[in-house]
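What follows is a single structure, written as structure tokens, with notes after it.
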Amino acid sequence: MIFISCLILFKCYKVFINTDYTKATWIWNTEEIIGDEVQVIQFLKQESFNTVYLYIQSNLEVAYYKRFIKMANSNNISVYALAGDPNWINETKQVDDFCNWITSYQKNSSLEEKFKGVHIDVEPYLTDNWETDRQKSIESYQNLLIKIKRETDNTLTLGVDIPFWFDNVSYTSSLYDSGILSDWIIKNTDEITLMAYRNYADGANGINQIIKNEVLLANKLHKPIIVGVETQKLPEAHLSFYNKSPKYFKETLSKVTREYERFQSFKGFSIHTYKSYKEFIGG
């Protein structure tokens, strides 16, 4: 019986670290790579990460990014330029600054120093306008994503963080007709990280249920969906794995994998964040 239990757990763990899938994380404190890039890369390799969303602090020397990305690429870890703020839907200067920065960076970097893509985390529902004029906010958000896609290097993958409940948000626009917001984003970007912040897979409102619509649509459109999960401490305990064990965490993600591995659109997991996940597993 012990042998069988161990074998089942091993199979679950194998699914979780399947190298065909993305295993990503967000690094928001970019200064963590300064002087500690070797330790960061070692941890990422130890935990089988193959993708990093690295926040762009334009005041940092470009050399830090180049050194880290070159080291990451040599270890088969892709790096995306992470950026975004809810107010980006209202303030074009910040967006222009980011587009100009990433375009300049790519142009002046060697192949092994380049970002693979850009990863945008803009949450328009955190602005006041979302409640006072939602349709205008949505159109501004759509304009933003189109602008970033157009003005950054077209060799860069455009990834976007969205909440799972965008499949319940409709829009009507003179520019983009009408429809469901999550559908529009999946159609107009290269990949989606779906913020499915729950700490259980099964049952009502579990991860498997709340990601279904997006996975099915992405499958039809041949677009990748990466499932985002949380490890930070949050006021609502069910949103994060913070108080769960690493074993339970892996078993839960394996349940999601087994539910959706038959769909080509399902491409793995993003774990929020590098810092909190490291603390979560005692790293």
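How do the pairs read when you match residues in region 226-237 that are touching a residue at least 40 places away in the same chain (Cβ under 8 Å) and on the phi < 0 side of the Ramachandran plot with residues anywhere that are among the hydrophobic types (A, V, I, L, M, F, W, C) and part of a loop (DSSP other than H, G, I, E, B), using Cβ under 8 Å and keeping only pairs 6 or more apart or on different chains?
Cβ pairs passing all conditions: Val227/Ala196; Val227/Ile211; Gly228/Ala196; Val229/Ala196; Val229/Phe241; Glu230/Phe241; Thr231/Phe241.
Could you say which residue among Leu216, Leu253 is assigned to a helix (DSSP H, G or I), in contact (Cβ under 8 Å) with a residue 24 or more places away in the chain and open to solvent by less than 20 Å² (accessible area, probe 1.4 Å)?
Leu253
Within region 156-175, which residues are open to solvent by 50 Å² or more (accessible area, probe 1.4 Å) and without any contact (Cβ under 8 Å) to a residue 40 or more places away in the chain?
Within region 156-175, the subset open to solvent by 50 Å² or more (accessible area, probe 1.4 Å) is 165, 168, 170, 172, 174-175.
Matches in region 156-175: Asn168, Ser170, Thr172, Ser174, Leu175.
Kindly check whether there is at least one residue in region 248-270 that is more than 18 Å from the chain's Cα centre (by Cα), among the β-branched types (Val, Ile, Thr) and modelled with pLDDT of 95 or more.
Yes, because at least one residue in region 248-270 is more than 18 Å from the chain's Cα centre (by Cα), among the β-branched types (Val, Ile, Thr) and modelled with pLDDT of 95 or more.
If only one of Gln42, Gln57 is of a type outside the set (Gly, Ala, Ser), free of Cβ contacts under 8 Å to residues at least 60 places away in the same chain and open to solvent by less than 40 Å² (accessible area, probe 1.4 Å), which one is it? Break it down stepwise before answering.
Numbers: Gln42 fails: open to solvent by less than 40 Å² (accessible area, probe 1.4 Å).
Matching residue, one of Gln42, Gln57: Gln57.
Can you find a residue that is farther than 24 Å from Ile27 by Cα, part of a loop (DSSP other than H, G, I, E, B) and open to solvent by 70 Å² or more (accessible area, probe 1.4 Å) anywhere in region 108-125? If you could, list the steps in order and put the result at the bottom.
Of region 108-125, the ones farther than 24 Å from Ile27 by Cα are none.
Checked against the condition, which is being farther than 24 Å from Ile27 by Cα, part of a loop (DSSP other than H, G, I, E, B) and open to solvent by 70 Å² or more (accessible area, probe 1.4 Å), region 108-125 yields no hits at all.
Look through region 256-279, keep the residues that are touching a helix residue (DSSP H, G or I) at 6+ places or on another chain (Cβ under 7 Å) and assigned to a helix (DSSP H, G or I), and return whichever of them is surrounded by the fewest Cβ atoms within 10 Å (Cβ to Cβ). Can you show your working first?
Here is the first cut: in region 256-279, the residues touching a helix residue (DSSP H, G or I) at 6+ places or on another chain (Cβ under 7 Å) are 256-260, 263-266, 269, 271, 278.
From what is left, the residues that are assigned to a helix (DSSP H, G or I) are 256-260, 278.
On the way: Val256: 24, Thr257: 20, Arg258: 14, Glu259: 19, Tyr260: 20, Lys278: 17.
Restricting to residues being touching a helix residue (DSSP H, G or I) at 6+ places or on another chain (Cβ under 7 Å) and assigned to a helix (DSSP H, G or I), the top hit is Arg258.
On the basis of being under 28 Å from Leu234 (Cβ atoms) and more than 13 Å from the chain's Cα centre (by Cα), does Gly159 make the cut? It would help to see each step written out before you state the result.
Values: under 28 Å from Leu234 (Cβ atoms): yes; more than 13 Å from the chain's Cα centre (by Cα): no.
No.
Is there any pair with a first residue in region 79-93 that is more than 12 Å from Ile148 (Cβ to Cβ) and a second that is open to solvent by 80 Å² or more (accessible area, probe 1.4 Å) whose Cβ atoms are under 7 Å apart and which are 6 or more apart or on different chains, and what are they?
Partner pairs satisfying both residue conditions: Val79/Lys116; Tyr80/Lys116; Pro86/Leu126.
Hey, can you tell me all the residues within region 90-107 that are modelled with pLDDT of 95 or more and in contact with a Lys or Arg (Cβ under 9 Å, 6 or more places away or on another chain)?
Selection gives Val95, Asp96, Cys99, Tyr105, Gln106.
The values are calculated or read from the model by the stated rules, or taken from the named source; none is laboratory data. Quick caveat, the model's predicted, so the values are computed rather than measured. Here the Cβ is made from the backbone with ideal geometry for all residues, glycine too, and neighbour counts use every protein chain on show. Quick note on the areas: whole protein, heavy atoms, side chains included, nothing else; ligands and nucleic acids left out. Shrake-Rupley method; radii C 1.70, N 1.55, O 1.52, S 1.80 Å.
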